[in-house]
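One structure is given here, and the rest of the page talks about it.
Readers should treat all values here as calculations from the given coordinates under stated rules, not as data from a laboratory. All of these numbers come straight from a predicted model, not from anything done at the bench. We place every Cβ from the backbone using ideal geometry, glycine too, and count neighbours over all the protein chains shown.
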Amino acid sequence: MIDYKKLAVKGVQQLKPYIPGKPISELEREMGLTNIIKLASNENPLGSSPKAITAMKEVMGEIELYPDGNGFELKKVLAQKHNVAMDCITLGNGSNDVLVLLTEAFLAAEHNAVYSQYCFAVYPIAVQAVGATHKQVPALSWQSDSPLGHDLEAMLAAIDDQTRLVFVANPNNPTGNHLSEHVLKSFIAQVPKDVIVIVDEAYLEYSSLDEQVDASQWLSEFPNLVVTRTFSKAYGLAGLRVGYALSHPDVANVLNRIRQPFNVNSLALVAAQYALHDYDFLQESRQENSAGMQILQQSCEKLKLRYVPSKGNFLLVDFQTDAADIYMKLLKSGIITRPVANYGMPDCLRITIGTQAQMQRLDKAMEQACG
Ligand SMILES: *Cc1c(COP(=O)(O)O)cnc(C)c1O
């Protein structure tokens, strides 16, 4: 028998595949449980924007047609929202798609990408898939001002002549920490102009309006800046797969060259277009999230568990023991959380903020599991 893995390009052979959160249906099958809550994938517990759902119903009658490959209507509202020209936008099948486009467009085998330890798992996968090298920079310690945060000085120092991409998630997943406007902007300003800085803002909408650090406002100052956004989190459209990148038009042009012509489907296009201005739904999502976050933080404090203060819709909790055991106990009580041993944190779980009622149930389950 031929070893087909050996036929794959080297980067792919060595790649550690992404481990998704356990689906509810799988736990139902495995343990015969009902009334399961999934707090594993940072999904929106309030569902989706009702405006998006209504808009999609109208498009359902025409799915024999290809979607608009240029995404004109969605780009139009995005351009207005961000105050940029439409040719600054690259649409993706989830923001994951645009992250992959960036690695495909800018990295060859001799190049490298810089990112922090405990960064989003998709970055190393995308970089390795194209056979490039990664320079993972150790994160700050638990005891620092920004527990497990990016060490930006060390990241700058790691940039060399072969660096093409630098990834920063703000807020970061799976840790939840974030960078202030001043700190992030001065970092971007110090990155050489032939190195693309990707600021991944998947969780930006969970900060209150006056606290949101929106790097897209600096696009005209920094031609090497790419900002990515998603409809998967606060907008509640994870299952549709839609996100986008904002950048200098020359960078967007490169990405759009290699993008599949119909990478965003017609339901996703229209849902995103209408969800974008559903401020009520966003506001509700934000409020439920901060109320749920408070409950979970109180649970941790009661149990004397440390956590990383989070600006996202999840909390990284350190159980100071092998968290696989806690994970299993929570599963048995019908709650799916996310192990992060694959990120190098075997003692931690990443817990998505659910509704307040779900977080009350989690509180009891955590008390039992840790007792
Ligand atoms: C969830 C997430 C994304 C979004 O992924 P989609 O492909 O848009 O669903 C991007 N970056 C980070 C850091 C995330 O956690």
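Protection proxy ranking, highest mean first, for peptides 285-293, 20-28: 285-293, 20-28, where packing is the per-residue count of other beta-carbon atoms within 10 Å, averaged. If you wrap region 221-274 in the convex hull of its Cα atoms and look at it from every side, the mean projected area works out to 4.4 nm². Each residue of region 159-176 is assigned a 3J(HN,Hα), and the resulting list reads 5, 10, 5, 9, 6, 10, 10, 10, 9, 9, 9, 9, x, 8, 10, x, 8, x Hz, derived from the Karplus form 6.51 cos²θ - 1.76 cosθ + 1.60 (θ = phi - 60°), x at Gly and Pro. Here the extension length gained between residue 368 and residue 8 equals 125.0 nm, from 0.36 nm per residue of separation less the Cα-Cα distance.
Counting only the Cα atoms, region 301-340 fills a convex hull of 89 Å³ per residue.
According to the calculation over all Cα-Cα pairs in the chain, the P(r) per 10 Å bin from zero is 5, 23, 32, 27, 12, 1, 0 %.
For region 1-123, the alpha carbon convex hull comes to 258 Å³ per residue, rounded to a whole number.
Residues whose amide H comes within less than 5 Å of that of residue 173, counting only those at least five positions distant or on another chain, are 120 (H built at 1.01 Å from N in the peptide plane). Taking one quarter of the surface of the convex hull spanned by the alpha-carbon atoms of region 62-275 gives a direction-averaged projected area of 11.4 nm².
The Cα center of region 102-130 and the Cα center of region 70-84 differ in position by 28 Å. Each principal axis of region 130-195 carries a Cα extent, and these read 32, 26, 17 Å when sorted largest first.
When DSSP assigns beta bridges and you keep just the ones with both residues in the chain, what percent turn out antiparallel, to the nearest 5? Rounded to the nearest five, the antiparallel share is 45 percent.
Taking GluC sites (Glu not before Pro) across region 64-160, the ones in a DSSP loop with at most 13 further Cβ atoms lying within 10 angstrom of their Cβ are 64, 110.
Antiparallel versus total DSSP beta bridges in region 62-275: what percent is that, nearest 5?
Details: 8 of 25 bridges.
The answer is about 30 percent antiparallel.
Look at where the Cα atoms of region 232-299 and of region 202-226 average out, and the two centres are 14 Å apart.
Estimated from helices alone, the mean residue ellipticity of the chain at 222 nm is -11500 deg cm²/dmol (sum of -39500 (n - 2.57) over DSSP H runs with n ≥ 4, per residue). Multiplying the residue separation of residue 133 and residue 250 by 0.36 nm and subtracting their alpha-carbon distance yields 39.7 nm.
Within the straight-line cut-off of under 18 Å between alpha carbons, the lysines reachable from residue 16 are 5, 6, 135, sequence neighbours fewer than 8 places apart in one chain being disregarded.
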